[in-house]
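A quick write-up on the structure given underneath.
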Amino acid sequence: MSDATNNNSFDYVNEIWNIADYVRDVIKRSEYNRVILPFTLLRRLECALEPTRDAVLDAFAQHEAEWGRESDNYCQSSRKAFYNITNFRLNNLGASNTLDALTEYINGFSPNAREILVKFKMEETCKTLQEHGMLYMVCQKFSAFDLSPETVSDRMMSDIYEHLIQRYGEEIAEDAEDFMTPKDIVRLAVGCVFANDDELMNSDKGIIRTLYDGCAGTGGFITDALEQLDEWHADKKMKAPALIVPYGQEIEAESWALCKASLLLRNIDNADSDIYDSIKDLSAHIAYGDTLSDDKYPSSTFNFQLTNPPYGKKFEKEKEDVEEESNRLGFNGRFGAGLPPISDGSMLFLQNVCSKFAPVSEGGGRAGIVLSASPLFTGDAGSGCSNIRRWLFEKDYIDCIIKLGTQEFFRTGINTYLWVLTNNKPENRKGYIQLIDASEMKVPMRKSLGNKRYEISEEQRDWIIDTYVNGKVNEHSVIVPYTDFMYRKVTTQQPLHMKIVLTSDKIDAFLKNLPKGLAKLSDDNKRVLESELTAAMSQHSENAYGWQDKFAKDARKAMTSPNVTAGVLSKAIVDAFGVRDPKFPAVKDRNGNYIPDPELKDTENIPFLQSFDNYMQTEVLPYAPETWIDESVRDSGPLQDGKIGVVGTNISFNNYFYHYEEPRKPEEIAKEIIELEKGLGSFEEEFLK
């Protein structure tokens, strides 16, 4: 953004914000957006329509009977993708019946423009302003802004909206900017996703590509992708450059309205476009609704996707629909690979992206999705999250993951990650994933915006894209097989070394606090149990493991109508009198197999391609030589292979980019502390003089 544009944008923003302050006594600060955004849009619409207003009115007068009030035919006269068939403007609504006139004015817009204004809930806001005698002045104030395409370009208009939202977020609503992705991040994602598509950049044959954002927000990803493509085409003097048709879905009403508006108004400043281009409605495929529970494009696929799902979004409301789709459709739907914890739906959006890749026969699809760190490692082996990663690996969808720096987003200071995905990798990248650590590639901003204190410079962005596109390996970039991020979690066992040791103290404690399974014994049978234990102790206080089974049967026979089984009694004896000691012999069952000690049961994460024998010889047996792998614990489920051990996944940047910093020497630290103490003493002396 140039300084001139930046200044113009901020001038408009301040003037518009002054109107919000004007109505502060009757409109809650939390609802300022219901004034500043729809009225700014309304003024932009009427300024764009002004040159052709008379032509539209003439067409309406001549063809109302044939076309009605709503017809795309009027766009031929407006030379825009929208129109208005009334004589009204914001400056001629009248002071006495302003609300009625404004309502008629809004109803005179084409449906695509009118539905945007409706989503802003303008009617309720305007009624409040009318009741307090302020609606007329608000309309007059907005009508004073020249938002015509000749004065305010598409890009400037986009900046005005962006700055208004940022200011609203900074001063009033902390979550307002959750629906915006910073431009520097957008540009990086666009550059990575569009990379290597020579036809998109250079074809002059009018090819068409599709772009989808399932979490469209205010449309930043989509509009900036279109702008960047226009910039790439600008100097090539093409007659029929490649076109992108945008698709998207958004659940938050006002964000959806802004996204629709930015695309509806796009290209209205292009006086050189032909009539087809000028009346093309780029907002036509921006759907309103919940992407997870109500996918508006269930059977559609796309060439490109760009999205930034909300971090840590719970999917409690969507849970029933998501589970139903997963159970009903499996891998034929979006969520066949697994479901994450309900506390974070990020990996549902990740699966949604992968379900919408264009087929490889049509060139395949490419996507960029910005996520928090949790999708990299959340979930144990066999869990929903781990299985989703495994599915992504086995489908070979992950091409590159770029670690971004902290404090680069408006509402969070955490590290974020740009995943670049595709279902059509080139041969030399198949089976591999590139990791790029760009966490330090950022420069301070002149002015912080919320939590955003840094941005990626153009030079840094170019370096990251070049490193990705050309598959460069260096201190910030590695390319490794996806199997490096997989392991088998095997269960290990060790033999039980135990004897049954009877002592008077143990018998007394046992009888005073019988376990739940024995508490229902009658008093007579409790005395029988005491007698049997005392007699056994007098014969042999130390007994081999297994003795308890015979004792339980004999004791039960001595009881009158015992209401406990021998098995329950035997277990109680082990729990109370069993003593573990590695010096005791290892216990075997009747088939000669070692009985595992449940307290020594453990797990080992064995790298996916490493043999079990090799791992055990080097990592386990030197320290626990009796350990064996429990072959009954196997990989089971829709993705699983039935082999020993449960497959797990984990993507760790630290394994490749951790830089060890040697601790400072104690002498240096001590010397520094002494100097600080000296300085503090001098300060106190001076202070007390």
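Assorted remarks:
- For 354, 400, order by how many other beta-carbon atoms lie within 10 Å, fewest first: 354, 400
- Too-long pairs where the Cα-Cα distance tops 32 Å, listed order kept, from 80/442; 121/183; 280/442; 121/237; 236/447; 313/516: 80/442; 280/442; 121/237; 236/447; 313/516
- In terms of its alpha-carbon gyration tensor, region 586-655 comes out oblate; a/c meets the 1.5 threshold, while b/c is at least as large as a/b.
- Nearby lysines by direct alpha-carbon distance to residue 119 (threshold 16 angstrom, same-chain neighbours under 8 apart not counted): 127, 260
- Among beta bridges that DSSP assigns inside the chain, antiparallel share in %, nearest 5: 70
- Placing pseudo-labels 7 Å out from each Cα toward the beta carbon at residue 453 and residue 586 gives an inter-label distance of 5.8 nm.
- Cα centroids of region 427-499 and region 203-228: 26 Å apart.
- Taking the square roots of five times each eigenvalue of the Cα gyration tensor of region 304-378, the equivalent ellipsoid has semi-axes of 21, 17, 9 Å, listed largest first.
- Nearby lysines by direct alpha-carbon distance to residue 583 (threshold 28 angstrom, same-chain neighbours under 8 apart not counted): 499, 506, 550, 571, 601
- Evaluated with a Cβ-only charge set (Lys, Arg +1; Asp, Glu -1), region 218-377 carries a dipole of roughly 400 debye about its Cα centre, given to the nearest 20.
- Cα-projected label distance for residue 123 with residue 144, points at 7 Å along beta-carbon direction, nm: 3.1
- Computed on the chain, with alpha-carbon pairs under 8 angstrom and 6+ residues apart, the relative contact order is 10 percent.
- Using alpha-carbon coordinates, inclination of helix 319-329 to the longest axis of the chain, degrees: 80
- The order of the peptides 218-227, 639-648 by mean Cβ neighbours within 10 Å, most packed first, is 218-227, 639-648.
- Counting Cα-Cα pairs of the chain in 20 Å increments starting at 0 gives whole-percent bin shares of 14, 35, 25, 17, 8, 1.
- With each label modelled as a point 7 angstrom along the Cα→C-beta vector, the residue 24-residue 508 pair spans 7.9 nm.
- Remark: region 335-341, residue by residue, has Karplus-estimated 3J(HN,Hα) of 10, x, 6, x, 10, x, x Hz, where x stands for each Gly or Pro and the curve is 6.51 cos²θ - 1.76 cosθ + 1.60 at θ = phi - 60°.
- Shape class of region 67-136 from the Cα gyration tensor (axes a ≥ b ≥ c, square roots of the eigenvalues): prolate, since a/c reaches 1.5 or more and a/b is larger than b/c.
- Shape category assigned to region 1-173 from the gyration tensor of Cα positions, a/c cut at 1.5: oblate
- For the chain, with +1 on Lys and Arg beta carbons and -1 on Asp and Glu, the positive-most of 576, 449, 357 along the dipole: 576
Read the figures in this text as sums done on the coordinates, not as results from a lab. Values in this document were obtained by computation on a predicted structure and should not be read as measured data. Glycine also receives a Cβ, built like all others from the backbone with ideal geometry; neighbour counts cover every protein chain displayed.
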